[in-house]
Structure formats: structure tokens, C-alpha cells
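Please treat every number below as a calculation from the coordinates, not as lab data. The structure displayed is predicted, hence computed values, not measured ones. A quick note on method: Cβ atoms are made from the backbone with ideal geometry, for glycine too, and the neighbour counts reach across all protein chains shown.
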Amino acid sequence: MSIGHSFIELQSVDSTNNYAMAQAHAGTASHGTMFFAYDQWAGKGQRGKDWVSTPGENIVVSTVLEPANLPITQQFALSAAVALACHDLFSHYAGPYDTAIKWPNDLYWCDRKAGGILIENTFKGDRWVYAIAGTGININQTQFPETARNPVSLKQITGRTFDAPVLARELGIFLEQRYQELIKGNASILLEEYNRRLYRREQRVRLKKDQVIFETVVKGVTPAGELVTRDVFERRFAHGTVEWIIEPRDR
């Protein structure tokens with residue numbers, strides 16, 4: 001079944017990822033089921049952070065995937081496919097030139113965060129049973145908490161008000177297209193495209209590791225999901241080992 005064949009709207013839920021995972025384990029949600037929430041009051045972001053969204057204004061959706069035919073070594077390839085689908089949707093409305101994917105899986109417009117992805121996996125031995133792809137994309141929100149780092153929404157960029165559930169269904173179409181590329185064996189092509197859309201590629205950035213801030217040039221991302229940079233020598237960083245220090249540039 002294709003992604004989005006079942007689109008379930010929830011008025012309020014703690015976390016769409018928690019809900020989708022529970023439904024998958026209970027056997028009441030199959031591959032491609034999407035759970036959209038108008039209000040998510042305990043959303044999860046990367047590295048244990050909260051994902052805060054004003055009720056009803058944004059895309060807050062989790063998609064059940066059953067990648068049983070994919071090797072578990074392709075976890076980053078799946079992450080890249082989901083990130084590209086989010087880029088496909090956002091850039092369609094915000095424009096392709098300022099929309100980028102910030103490693104490992106944030107959606108950026110210029111130097112401002114437009115969305116994020118959290119994929120939670122279930123394995124049984126060496127078999128990949130479930131991947132719950134949670135995506136949060138800022139659509140109509142214009143007021144953000146002070147703790148949010150350089151946020152931006154589609155409405156702020158375009159001046160338009162959108163129907164968030166309609167865009168979430170459209171995201172499902174892009175997810176299906178990217179997922180099909182992955183299961184057809186095109187992981188290397190997806191990674192190449194991910195790197196073309198990589199935020200600050202071939203530019204000098206500031207990163208923080210173990211309380212030390214340093215400058216380096218972003219070169220790309222490996223199939224295993226490591227960020228590759230170069231300064232006096234080449235560096236490789238696994239997910240969660242470095243923090244970006246972002247200072248917005250003048251456009």
C-alpha cells in the first residue's frame with residue numbers, strides 16, 4: 001500500500017510518534033498510514049528535545065513504514081529519503097534556492113529552521129520491522145517561543161495561509177515517491193541529491209564539540225550518515241556528536 005493510503009486526523013495527542021508506534025505494534029496501522037495531529041502536547045525532537053507547535057497551525061504527522069526488505073544498514077538512507085520529501089514539499093512553495101537540509105535531518109530556509117524529522121525504529125534480530133517517521137513543519141505559525149532557535153514558517157515566507165492537513169497529505173505523495181526510490185535500490189542517488197541540498201555545503205561553519213567551538217568547511221555526508229568537514233584535515237562526525245553554531249547571514 002502506498003504512503004498516505006490511510007490518513008488519520010487526531011485532535012489532540014501526546015506525540016504522534018508514540019501514537020503511531022503503538023498502533024503499529026497493535027496491528028491496527030499498516031505501512032503507509034499517516035497520523036496527523038492538530039494538537040501535540042508532548043512532541044519529541046532530536047536528542048531528547050521537545051518539538052513545540054501551536055495547535056492547528058502546522059504539519060505534525062507521523063508515518064508508519066515497514067522497511068522489512070531493506071537492510072538495517074540503510075537507516076540513514078531512509079532518513080535522507082524522508083528529508084528529501086520534506087524538502088520537496090517546502091521548496092515547492094517557498095522556492096528551491098533558499099530551502100536546504102541541515103544535517104542530519106532539519107529543514108532550513110536561509111538560516112532559519114522550518115522543520116525537523118525524528119525517525120524511531122523497531123528491529124527484530126536483523127529484520128527492520130517498523131520505522132515511524134515523525135515530521136514537523138512550520139506552516140502557518142508566526143509567533144514562536146523564545147527558546148526556539150531562528151524559526152520560520154511558510155506563511156512568514158510567502159505571506160499566504162495554508163491548509164495544514166492538505167499539505168500533510170501532499171507530503172505523503174512526496175514520501176511515497178522518495179520511498180519508492182529507496183526500495184528500488186537507489187540509495188546512492190538519494191544520498192547524492194541529499195548532498196546537493198545540504199545546508200552550507202562547501203561553506204565555512206562553526207561547530208561545537210566537547211565544549212570546544214571550531215571553524216570548518218562542510219564537504220558532505222557519508223552513506224552511514226556521518227558529516228564530513230575539512231579544515232587543516234578531514235573530520236567525520238556521527239549524529240549527535242557536534243552542535244551547529246549558526247549566525248544568520250544577510251541575504
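Using the number of other C-beta atoms within 10 angstrom as an exposure proxy, rank VAL212, VAL13 with the fewest first. Show your work: numbers first, answer last.
Working: VAL212 8, VAL13 21.
Taking fewest neighbouring Cβ atoms as first place, the list is VAL212, VAL13.
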Whole-Å distance linking the alpha carbon centroid of the range 92-117 with that of the range 164-197 is 15
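Multiplying the sequence separation of ALA26 and THR241 by 0.36 nm and subtracting their Cα-Cα distance, what value in nm do you get?
Values: separation 215, 0.36 × 215 = 77.40 nm, distance 3.44 nm.
Full extension of this stretch gives 74.0 nm more.
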From fewest to most C-beta neighbours within 10 Å, the residues LYS184, LYS102 line up as LYS184, LYS102
Sorted on mean Cβ neighbours within 10 Å (highest first), peptides 32-39, 80-87 come out as 80-87, 32-39
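Which whole-number percent gives the relative contact order of the range 204-245, counting Cα pairs below 8 Å spaced six or more residues apart? Spell out each step's value before the answer.
Working: 70 pairs, mean separation 16.0, N = 42.
Across the range 204-245, relative contact order equals 38 percent.
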Counting lysine pairs in the chain that sit 8 or more positions apart or on different chains, with Cα atoms under 24 Å apart, gives 22
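Taking only DSSP H segments of four or more residues, each worth -39500 (n - 2.57), what value at 222 nm results for the chain once the sum is divided by all its residues, to the nearest 500 deg cm²/dmol? Let's see the in-between values first.
Details: 5 runs with 66 residues, N = 251.
It comes out at -8500 deg cm²/dmol, rounded to the nearest 500.
Given axes a ≥ b ≥ c from the Cα gyration tensor, I'd like to know whether the range 64-147 is rounded (a/c under 1.5), prolate (a/b larger than b/c) or oblate. Show your work: numbers first, answer last.
Values: a/c = 2.77, a/b = 2.05, b/c = 1.35.
It comes out prolate by the Cα gyration axes.
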Taking max minus min of the Cα coordinates of the chain on each principal axis, largest first, gives extents in Å of 53, 44, 31
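Do any GluC sites (Glu not before Pro) in the range 114-181 lie in a DSSP loop with no more than 12 other beta carbon atoms within 10 Å, and if so, which?
Working: sites: GLU120, GLU146, GLU170, GLU176, GLU181; in loops: GLU146.
Passing both the DSSP loop test and the Cβ count: GLU146.
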With the 8 Å Cα cutoff and a minimum separation of six or more residues, the range 92-251 has a relative contact order in percent of 18
The answer for trypsin sites (Lys or Arg not before Pro) in the range 131-180 that fall in a DSSP coil and have at most 16 neighbouring Cβ atoms within 10 Å is ARG149, ARG160
Candidates ASN105, ASN58, ASN150; GNM for the chain (alpha-carbon contacts under 10 Å) flags as most fluctuating ASN150
Relative contact order as a percentage, the range 7-196, C-alpha pairs under 8 Å and 6+ apart, gives 23
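Show me the GluC sites (Glu not before Pro) within the range 190-235 that DSSP assigns to loop and that have at most 14 other Cβ atoms within 10 Å of their Cβ. Display every interim value, and only then the final one.
Numbers: sites: GLU192, GLU193, GLU202, GLU215, GLU226, GLU234; in loops: GLU202, GLU226.
Within the range 190-235, the qualifying GluC sites (Glu not before Pro) (loop, at most 14 other Cβ atoms within 10 Å) are GLU202.
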